[in-house]
Amino acid sequence: QVRLVESGGGLVQAGGSLRLSCVASGSSFGINAMGWYRQAPGKQRELVASISSGSRANYADSVKGRFTISGGNTQNMVYLQMNSLKPEDTAVYYCNVQRLGVPIWGQGTQVIVSS
């Protein structure tokens, strides 16, 4: 069983920064990718960034150049540094791991960017 605990969300003005953290506890055997998704009100959950074995990172076009993902399965932790935040980044951010082909989700952390 893997449990994900997220932290770091909050309220920030446009142009500001936040850093999200996610710690995976329990059996981490078989985790081969970690990442962040977000879901804004009335919208589908979307991939923000992910990092796979070998530290290969993947970003949504909307956050490239502003967000940086770090950590990964070797550390059982994943971080998301978010800079130059925009109001459209407002959403609930979810930590996600892929373990033996099964997605596991955190409880989510709210990010609100005011204009």
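The values are calculated or read from the model by the stated rules, or taken from the named source; none is laboratory data. As the structure is a prediction and not an experimental result, all values here were calculated from the model. So basically every Cβ, Gly included, is an ideal-geometry build from the backbone, and we count neighbours across all protein chains shown. All accessible areas refer to the heavy atoms of the entire protein, side chains included, with ligands and DNA or RNA removed. Shrake-Rupley method; radii C 1.70, N 1.55, O 1.52, S 1.80 Å.
Summary table
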{"item": "Distant alpha-carbon pairs in segment 5-48 (separation over 16 angstrom), percent", "result": "58 percent"}
{"item": "Lys86 versus Ser114: modelled label distance in nm, points set 7 Å from Cα along the beta carbon direction", "result": "2.1 nm"}
{"item": "Stretchable slack from Ser53 to Gln107, in nm (0.36 nm times residue separation minus alpha-carbon distance)", "result": "17.1 nm"}
{"item": "Hydrodynamic radius of the chain per Kirkwood, over alpha carbon pairs, in Å", "result": "13.9 Å"}
{"item": "For the chain, accessible area per residue (1.4 Å probe, heavy atoms of protein chains only), Å²", "result": "52 Å²"}
{"item": "Rg(Cα) / (2.2 N^0.38 Å) computed for segment 62-115, rounded to two decimals", "result": "1.28"}
{"item": "Candidates Lys86, Lys64, Lys43, ranked by Gaussian network fluctuation over the chain, Cα under 10 Å, top entry", "result": "Lys43"}
{"item": "The chain, dipole about Cα centre (Lys/Arg Cβ +1, Asp/Glu Cβ -1), debye to the nearest 20", "result": "100 debye"}
